[in-house]
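Please read the structure below before turning to the comments.
The values are calculated or read from the model by the stated rules, or taken from the named source; none is laboratory data. Since we're looking at a predicted model, the values are computed, not measured. Using ideal geometry, Cβ is built from the backbone for each residue, glycine included, and neighbour counts are taken over all protein chains shown. Remember, those area values only see protein heavy atoms, side chains included, never the ligands or the DNA or RNA. Shrake-Rupley method; radii C 1.70, N 1.55, O 1.52, S 1.80 Å.
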Amino acid sequence: MASIGDMLVDAGLARERLEESRKIAMTNGESLDRVLLQKEYMDEVTVLQVYAKHLGFEFRKSLDGTRVPEDFVNNVPVHFARNYNLIALELNDDGILKVATCAPLEPHPMDDLAALIGNEIDPVLAPRLEITTLIARAYRHKADGVDQALADVAEDADIGSLAAEIDEAEDVLDVSNKAPIIKLVNTIMFQALKLRASDVHFQCYPDRLQVRFRIDGILYDMDPIPRRVQDAIISRVKVMGKMDIAERRLPQDGRATIRLGDGEVDVRISSIPTTHGERIVMRLLDKTAKLYRINEIGLSEKNQATLREYLDYNHGIILVTGPTGSGKTTTLYGSMAEIDTTQKNVLTIEDPVEYSMPGISQVQVNTKKGLTFASGLRAFLRQDPDVMMVGEIRDLETAEVAIRAALTGHLVFSTVHTNDAASTITRMVDQGVEPYLVSSSVILIIAQRLIRTVCVHCKVRISINDEWAAKLKKVGLTPEEVGGEVTYGKGCDECFHSGYSGRTAIYEFLPVDEVLRTQIMEGVGATVMKRAAGERGMISLRADGRDKIRAGLSTPDEVLRVTQLDLD
């Protein structure tokens, strides 16, 4: 059989890079696969496929839909699974446990696991992100130690000593030898990341501090914390964000980086004084989260084709619009991922940089130093760009620079906060941009909303009764159009008994054609523009929502929730 080196070369690795990586591996005592990934000489999937073939292991590119055996979750501590990136996939009839790993050359954790659970183990290679996602899903209902951490918090928690214990990047998995308050906050953060929460709220009540997580856009109450430790927890969070713990009467903002094993999560922290104490909200930006492509974000085939067509344009502005938390950034990143960065120079200015994208130069806004969206965009024009992304058009200055860039032969992406595609045009005119500049620079406007999808673990098809018929009528559907049946989730442990798990997006695509250009120049209102676009074939947000209901992905309640203001 060929050596692992020859197999890696056959898979596309240059021979000199192989030799260089071998030397580094021998010098540092690291495994060859780790060095190749650290140096980014090969992607993880290719490396794991080569090692799987060489070692005779099974390889799985995706672990979606895998149900982890309960015995594994009950007997293996979560920190062990996280530290070594190991998760059980299935137990064979002959008692052999298939376990996913992304480290094929590290046998010791497997040996420890075999001793821990008493089963023979059959390794399966899988990408690290797939494993960490499955671990998070498997352990989401297992007690996270919040109760234990609360029990450890002493009556006289020493707040003063907290400041000395902040790391540059706090590892929320590491709770050993930590002060009880630090252990409690780390445990809450770990629980939030495990449950895919986008925000963590610490809300003060007269008798308790209520922890709330925003999951799939909806707030859920989690563990209440006794009032007596409220000040200590708030001080701990403020220390993490390098905020002033003595200032309790004014709003403050801070930011921190926390680690979850190997992955890093950016945390934006905001505090405001309320009548019952300071209220803290933490926005979590997981840098290791999956980057979605445009075929994975809920776009219909027609809309995918439209977007790909406009991505080939050499100049113009593509605007993505919607309220906060409607997935605009995900759509922008998915669009950028379609662009060939080997042939085009792509630059972005964002606040904050949410995901790291290979081949793209990303700049973080820094208003304190004078680096704003407008000034960054001006600097980009001297960097010989082909494609530019500006996080948001918030003011006239940014709009004017973006338009100038589009008119001088650059493709510009950005976001605007408006309710639908047509009102984006009137918003820009209201900001002070001349209508002729809007009509000659903007080429496509995409409005979007996020709707929750029906939980795959508890979804059922039921015949339509009067109640469901009334709901369908509100979104403009008849029972006959959905085949006499609707899909909904009964509610289970996997989805917090909500019936929903995960989200998809609904879209409204408004290309700026000749008719619309004329309307913009004439100062026509957004309602008239939208109605005329509908007559020319534009699919509205609610119409796209109807398609999602017909496909059994979501429910009338969800579509109505996010399109109350939509005409149709």
Determine whether segment 178-190 contains at least one residue that is under 24 Å from residue 325 (Cα atoms) and modelled with pLDDT of 85 or more.
yes
Quickly run through segment 274-286 and pick out the residues that are more than 15 Å from residue 136 (Cβ to Cβ) and of a type outside the set (S, T, N, Q).
276, 277, 278, 279, 280, 281, 282, 283, 285
State all residues of segment 6-34 that are hydrophobic (A, V, I, L, M, F, W, C) and without any contact (Cβ under 8 Å) to a residue 40 or more places away in the chain; if no residue qualifies, say none.
9, 11, 13, 14, 18, 24, 25, 26
How many of the residues making up segment 273-294 are open to solvent by 70 Å² or more (accessible area, probe 1.4 Å) and either under 16 Å from the mean Cα position of the chain (by Cα) or at pLDDT below 90 (or both)?
5
Of the residues in segment 419-430 that are in contact with a Lys or Arg (Cβ under 9 Å, 6 or more places away or on another chain) and open to solvent by 10 Å² or more (accessible area, probe 1.4 Å), the one that is nearest to residue 328 (Cα to Cα) is 420
Quick check on segment 35-50. Is at least one of its residues of a type in the set (D, E, K, R) and touching a Pro at 6+ places or on another chain (Cβ under 7 Å)?
yes
Quick one: in segment 38-47, of everything that is outside any loop (DSSP other than H, G, I, E, B) and among the aliphatic types (A, V, I, L, M), which residue is surrounded by the fewest Cβ atoms within 10 Å (Cβ to Cβ)?
45
Based on what the data block shows, is residue 296 free of Cβ contacts under 8 Å to residues at least 40 places away in the same chain and either of a type in the set (Lys, Arg) or outside any loop (DSSP other than H, G, I, E, B) (or both)?
no
Residues 223, 207, 231: which one is within 19 Å of residue 197 (Cα to Cα) and of a type outside the set (Val, Ile, Thr)?
223
Say whether the condition of being over 30 Å from residue 218 (Cα atoms) and either open to solvent by 60 Å² or more (accessible area, probe 1.4 Å) or in contact with an Asp or Glu (Cβ under 7 Å, 6 or more places away or on another chain) (or both) is met by at least one residue in segment 318-329.
no
Examine segment 507-522 for a residue that is free of Cβ contacts under 8 Å to residues at least 60 places away in the same chain and under 30 Å from residue 139 (Cβ atoms), and state whether such a residue exists.
no
Check whether at least one residue in segment 215-225 is surrounded by 20 or more Cβ atoms within 10 Å (Cβ to Cβ), assigned to a strand (DSSP E or B) and aromatic (Phe, Trp, Tyr), and report yes or no.
no
Determine whether segment 232-246 contains at least one residue that is within 24 Å of the chain's Cα centre (by Cα), surrounded by fewer than 16 Cβ atoms within 10 Å (Cβ to Cβ) and not in a loop (DSSP other than H, G, I, E, B).
no
Of all the residues that make up segment 258-272, how many are within 17 Å of the chain's Cα centre (by Cα), modelled with pLDDT under 90 and open to solvent by less than 40 Å² (accessible area, probe 1.4 Å)?
5
Of the residues in segment 51-69 that are of a type in the set (A, V, I, L, M, F, W, C) and assigned to a loop (DSSP other than H, G, I, E, B), the one that is most open to solvent (accessible area, probe 1.4 Å) is 57
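A quick yes/no check of all residues on (1) loosely packed, with under 15 Cβ neighbours inside 10 Å; (2) assigned to a loop (DSSP other than H, G, I, E, B); (3) among the aromatic types (Phe, Trp, Tyr); (4) touching a residue at least 24 places away in the same chain (Cβ under 8 Å):
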residue	(1), (2), (3), (4)
36	no, no, no, yes
49	no, no, no, yes
94	yes, yes, no, no
99	no, no, no, yes
108	yes, no, no, no
Please pick out the residue among 330, 321, 306 that is modelled with pLDDT of 90 or more, under 28 Å from residue 549 (Cα atoms), within 14 Å of the chain's Cα centre (by Cα) and of a type in the set (S, T, N, Q).
330
Consider residue 155 carefully, then state whether it is at pLDDT 85 or above and open to solvent by 50 Å² or more (accessible area, probe 1.4 Å).
no
Tally the residues that are surrounded by 18 or more Cβ atoms within 10 Å (Cβ to Cβ), of a type outside the set (Phe, Trp, Tyr) and farther than 21 Å from residue 326 by Cα, restricting the search to segment 376-396.
5
